[in-house]
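The structure appears below as structure tokens.
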Amino acid sequence: MNILHICITGHFTEGMTYQENMLADQHILDGHQVTIITDSYKYKDGKLFYCNDEDIVTNSGIRIIRRRYHKYFNSFFSDKIARIDGLYNIIARIKPDIIMYHSVFGQAMVPTAEYLKKHPDVSFYIDCHESFNNSGRNFISRNIEYRIIQKHYFDKLRPYVKRVFAIAYDCYDFLNRMYGIPNSMIEDFPLGGTIISLNEKKNRRDKVRKDLNIGEDDIVFMHSGKLVPEKRTKELLNVFSMNKYKNIKIIIVGSIPEAQKNDLLELISKDDRVCYVGWKNGDDLLSYLCASDIYIQPGTESATLQNALCAGCAVAVYPYNDYKYLLGNICKYIETSNDIFELFNKVANGNIDIKMWKNKSLLFASENLDYKKLATRLYS
């Protein structure tokens, strides 16, 4: 089949482990033809950069068509409207059998609707990444940007939608209130990952631990992302510094904003149990997850969580509704500094069965988060 992903607000970047990357890779592995239409931004070392239009084919066989937004008054309005000139004609030349439109956002929904109206045989899916945690956070955004503008765009698409996918529990509320979409139209479609073989995991684990001089019996926590204050990295490191057990290490992967560099790098340099490795691409990130035992994220949500579960890591996260809905009791919830301190103590003293905890993670991921299974839902 010929599958098209439209990611006009996703800043598609090769080598990442985001949903659109991994779904597209799985489609290729399943023997399908895959095209991605995206905007003219991409990430480098954790920062967003503008780039030129392009039409390329990756080494794995995915065609990427990158187009800049139509220019309105300034970049703020251009980004909010998210219109791609000539989108209808681009879709028409691709002639897809399946279209997945990522994020319920952008004027690009209008030409997509025009194409679907003329080609009713195309299977069309749209997923929602928006919730009130990341979108519609003030009165103007909620009542003008979403309830009027974006809803107007979506209403053009609505008659052709086979399923609306929600990547998280809180997306349901956003879809209900901003677009008037009933739960009967919505299905769970969680962010996922790739389940790797035990042999490959061991090889990656051994290499990373050797490179970082981490012992086989050491218990390794991993923390990652764009290390803004909301990630609570500083708090995590301060709590860890109170705990002097030598059998615990922390690997930190990600980019540190300039405003946080002095504080975080000073804390890291003072503790030889902490390894900061900087920003890494998706494959390297997977290797660090394989080398780790527990993925710890006391702050804002991260797409790396699902990759951690698929790599067989135990996970400890802030108790967001999304996580409680998705994970139930397979993870530990850490809300306060004391929760973090107690977790470190229990792990160091052997009061938690880490092997059983990790096994629960991998079983859950194999059943619910494997992109081999998630990808097939677009073929039905």
Gyration tensor (alpha-carbon) shape descriptor, region 198-368, a/c threshold 1.5: rounded
Residue of Ala92, Ala291, Ala166 that the Gaussian network model of the chain assigns the largest fluctuation, springs spanning Cα pairs under 10 Å: Ala92
³J(HN,Hα), Karplus 6.51/-1.76/1.60, whole Hz, each residue of region 169-185, x for Gly, Pro: 4, 5, 5, 4, 4, 5, 5, 4, 7, 8, 10, x, 8, x, 4, 5, 8
Sorted largest first, extent of region 2-189 alpha carbons per principal axis (Å): 44, 37, 30
Extreme residue, positive dipole direction of the chain, given options Ile248, Tyr50, Asn213 (C-beta unit charges): Tyr50
Sequence-distant lysines (8 or more away, or on other chains) whose Cα lies within less than 24 Å of Lys355: Lys201, Lys202, Lys207, Lys210, Lys244, Lys246, Lys249, Lys324, Lys332, Lys346
Rounded tilt (10° steps) of 109-118 against the dominant C-alpha axis of the chain: 50 degrees
Relative contact order [Cα under 8 Å, 6+ residues apart], the chain, whole percent: 14 percent
On Cα atoms only, tilt of 198-211 relative to the major axis of the chain in degrees: 60 degrees
Angle between the chain longest axis and helix 19-29 axis [Cα atoms, degrees, rounded to 10]: 80 degrees
Cα-centred dipole magnitude for the chain, charges only on beta-carbon of K, R (+1) and D, E (-1), debye, nearest 20: 360 debye
Relative contact order for region 198-368, counting Cα pairs under 8 Å that sit 6 or more residues apart, in percent: 24 percent
Rounded, prolate or oblate (a/c below 1.5 giving rounded, otherwise prolate when a/b exceeds b/c) for region 4-59 by Cα gyration tensor: prolate
Net dipole in debye of region 120-246 [+1 Lys, Arg Cβ; -1 Asp, Glu Cβ; about Cα centre; nearest 20]: 340 debye
Reachable lysines from Lys156, criterion Cα separation under 28 angstrom, eight or more residues apart if same chain: Lys71, Lys80, Lys95, Lys117, Lys118
Whole-Hz ³J(HN,Hα) from phi, Karplus 6.51 cos²θ - 1.76 cosθ + 1.60, for region 59-75, glycine and proline x: 4, 7, x, 8, 8, 10, 10, 10, 9, 6, 6, 4, 7, 9, 5, 7, 5
Value of relative contact order over region 1-150, rounded to a whole percent, pairs C-alpha under 8 Å and six or more apart: 23 percent
Estimated 222 nm signal from helices in the chain, with DSSP H stretches of n ≥ 4 weighted -39500 (n - 2.57), rounded to 500: -11000 deg cm²/dmol
For region 173-286, size of Cβ-based charge dipole, Lys and Arg +1, Asp and Glu -1, in debye: 320 debye
Antiparallel bridge percentage (DSSP; both residues within the chain; nearest 5): 15 percent
Positive-end residue, the chain charge dipole about Cα centroid, Cβ charges, pick of Cys313, Tyr371, Ile64: Ile64
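Throughout, read-outs are computed from the coordinates displayed, never taken from laboratory work. Computed from a prediction, not measured in an experiment: that's the story for all the values here. As a convention, Cβ positions derive from the backbone with ideal geometry for all residues, glycine included, and neighbour counts pool all protein chains shown.
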